[in-house]
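A short write-up of the structure that comes next.
Computed from the coordinates by the stated procedures, all read-outs in this text should not be read as laboratory data. Remember, predicted model here, so these are calculated numbers, not experimental data. All Cβ positions, glycine included, derive from the backbone under ideal geometry; neighbour counts span all protein chains shown.
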Amino acid sequence: MLKDRIMEMFKEYDENIREVVGQVMEKEREKLSQKNPIGIIDDIRKIIDNAAKRLEDED
Amino acid sequence: MKIESLELYNFRQFYGQQLIRFSTDNNRNVTVITGVMGAGKTGIMHALRWCLYGSSYEGVQDIGELINKRAQIEAPINTRTECRVQIKFFHEKGHYIVTRSLFVDKVSEGIWNREPHEVLTVAQIWPDGRYDKLENPEQRFIPWVMPSNLSQYFFFDGEKIDQFARPGHEEEVEDAVRNVLKIAVLDRSKKHLETVAKAYQKDLVPLANDELKGYIEANVRLETFLEKQRAELKNLQNERSTIKKQLEEIDQRLAEIQAVRELQIRREEVEKAIKNKVEERKRLWTTLRETCSKGAAPLVENAIEKAVTLLDEKREHGEMPPGIREQFLDDLINREMCICKRPIIKDSEQYYELIRLKSKTVSSDFENTLIRTAGDLRALLDSAKETKERISEMMKNRVRLDDDLEDLEQEKNEISDKVKNVDMEEPASLEKKRTDYQDKDRSLYGQQQVVAKSIEETLPKTEEMLNKIARFEIKQKAAKKLQQRFTLASGAADAIAKMIGAFAAEMRIEIQNRVQEIFGKLVWKESQFKSVTVSDDYRLEVHDRWGLPARPELSAGERQLLSLAFIVGMSQVTGEDNPLIIDTPFGRISKEPRANITKHIPEIAKQLVLLVTDEELHSQARANLEQRIGAEYELFFDDSVGCSSIKMIKSL
């Protein structure tokens, strides 16, 4: 699958970055039909927040 | 995605309930739906798209038109009439039912309340018969299965797809590649992550101390600079692309003028040869660089030669061990036998010769090192000589290539002069324009190189700045949180930016290979076409047997096939098994090529649905496809009631 091939390209990156990239891509794909996707910035902020919280918990 | 069935209820010209079960068999993967013009073939396509994406996508002006007229007329006053389309399909191991319904209320005879009332439901069916209704399917589920802007590449009118193969339609090709291959998703992800990173950065500034502020400000400056440079690069690319198109138009026009036709054809050959030579020179330089970087041995060849001579002289003078190892001599003495099986008797002449040789050997480690060094140096010397010869050969090739290029450039200039001096106004003025455009293109190319280099040099600086920001020790909790979020967002954007170019290039090459393979199978004048290319500016091109561009000469049918090959190639590269549903696939294709296409068309998709007229599929074409047809239906239009119905002809 194409998604797996894309994610394979990011294998050198830190796991958190990989996860953020994967989730953001998923959201963008959902809204690909919209020229100016409504709420995408908030969606990405949520993804980043969750990833950062996970990191904070680990600390 | 594999479609199992399509159920229509009072949809457009289809009165009452009508059902099509598509073939889901892997071998008999073709479903044929036949119908005369106006029987409802296009209606089937509309039904599929309407069910998945709704009225707004289908551009329906009056949604009441979706409901079958007869059903509306027959409905009693004050009742609700429904039209419905239901698709059952499999997608990524799940089994789903998508149903879209539309209702109108009959207020009085001839008057309906047509306020939009459309309902979409999606259910996932489990193997034990249970089902779960999915929440918010329009926003999440449908785009996951197939976003609406991608459906045009899988459900399409065969007669209208030739836009991909028409000259000047590079944008459509680029859009298709970007959308289907998720490059658009990557692009948008990068852009939006950058926006989010910028927002975090802005929030961080008031909380940061002076040192961190300095880093952030430096980063903002670098990013602003990069943004401008990237925009500049894009402008230059667009400008060059426009010039390229203008040059093509001029060339085409010149090729049409009898007086300069021969010259124009020769120029195309010369330009192609120049392109090939430049590529060859580039490859040669790469090999040369690699060869030189592998070792400096050729540079110290004299020193190695001297060292080897010195070692040989020492050996001859007995100042070096003879090359026989101490262990070997010990073994012969202990075994009392030579390797040629002759005995070595104690106190014999041979015995003392071995003892004498043994006295000349030095400690085993030192001896081994000396022997190895001499051997290594000889090998190095051989390799240095070989490398030197290769480099010399490559340099000769380079000179030859430079000479060839000079000759070709000279011939090109002579052709240009000849065209300018033709005693006709049009070619001379076209040629002048051509020269001006080429000069402009050269200048733009120079600017492009400068901007690209500046971007390349700035990127490591931004990376360094981001690392500094990420490593900066912040004590305040709120600032630390923001810093972490900024680092995640900018790091993800940066990672995508680095990958996207390489990924797009890889995909383009893969598509090109697939398109060439598929087009080669489908096209009937196979020997006429040598290759298909998708250039880095997304120009889909066919080259004829002489290697010259042949796209402008393609017939409508050939353009249709090239476009089909392109769509299928893209679909195959995605690895997603979407069905291909083609309306009027053979409309523009004559009998003989049609027979060839039907031999290969079942291979292009895991599930293929062909909506054909009775005249499109018969004789040899029909016979070729017969073994691959898993389901067949016929659409009947009943003139007396103005409605269509669907009749099953064949099913597995």
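Can you find, among A:P37, A:I6, A:V24, the residue sitting farthest towards the positive end of the charge dipole of the stretch A:2-58, where Lys and Arg contribute +1 and Asp and Glu -1 at Cβ? The residue sitting farthest along the positive end of the dipole is A:P37. Assuming charge only on the beta carbon of Lys and Arg (+1) and of Asp and Glu (-1), the dipole of chain B about its Cα centre is about 1520 debye to the nearest 20.
The distance linking the stretch A:1-57 with the stretch B:585-635 is 43 Å (Cα centroid to Cα centroid, whole angstrom). Under 16 Å from the 7 Å Cα→Cβ point of B:E305, by amide nitrogen: which residues of the stretch B:380-394? Output list for this probe position: B:380-390, B:392.
Residue exposure proxy: B:F103, B:F11, ordered by other Cβ atoms within 10 angstrom of their Cβ from fewest to most, comes out as B:F103, B:F11. For chain B, relative contact order (Cα pairs under 8 Å, six or more residues apart, normalised by length) works out to 26 percent. Residues B:M424, A:M1, B:M465, B:M499 in ascending order of nearby Cβ atoms (within 10 Å, fewest first): A:M1, B:M424, B:M499, B:M465.
Measuring against 29 Å, Cα to Cα, the residue pairs B:K106/B:K650; B:K244/B:K282; B:K190/B:K606 contain B:K106/B:K650; B:K190/B:K606 as the ones spanning a longer distance. The alpha-carbon of B:K358 sits under 26 angstrom from the alpha-carbons of these lysines, leaving out residues fewer than 8 places away in its chain: B:K314, B:K341, B:K346. Between the amide H of B:E4 and those of B:K88, B:F89, B:F90, distances stay under 5 Å, these residues lying 5 or more places away or on another chain, with hydrogens modeled in the peptide plane.
Rounded, prolate or oblate: which fits the stretch B:118-221 when a ≥ b ≥ c are the square roots of the eigenvalues of the alpha-carbon gyration tensor, with rounded for a/c under 1.5 and prolate only if a/b beats b/c?
Details: a/c = 4.43, a/b = 1.50, b/c = 2.95.
It is oblate, given that a/c is not under 1.5 and a/b is not larger than b/c.
What the Cα convex hull of the stretch A:2-58 gives, in volume per residue, is 77 Å³.
Between B:F103, B:I73, B:P127, the Cα set farthest toward the positive side of the dipole of the stretch B:46-161 (charges on each charged residue's Cβ, about the Cα centre) is that of B:P127. Think of the stretch B:124-199 as having a plus end and a minus end, set by charges on the Cβ of Lys, Arg, Asp and Glu; of B:I183, B:P167, B:Q152, B:I183 sits farthest toward the positive end of this dipole.
A simple charge model with +1 on the Cβ of Lys and Arg, -1 on the Cβ of Asp and Glu and nothing else charged puts the dipole of the protein assembly as shown at about 940 debye relative to its Cα centre. The mean of 1/r over all pairs of different alpha-carbon atoms in the stretch B:599-652, once inverted, gives a Kirkwood hydrodynamic radius of 12.8 Å. What does the charge count near B:V119 come to, summing +1 for each Lys or Arg and -1 for each Asp or Glu among other residues with Cβ under 15 Å from its Cβ? After counting each charged neighbour, the total is -2.
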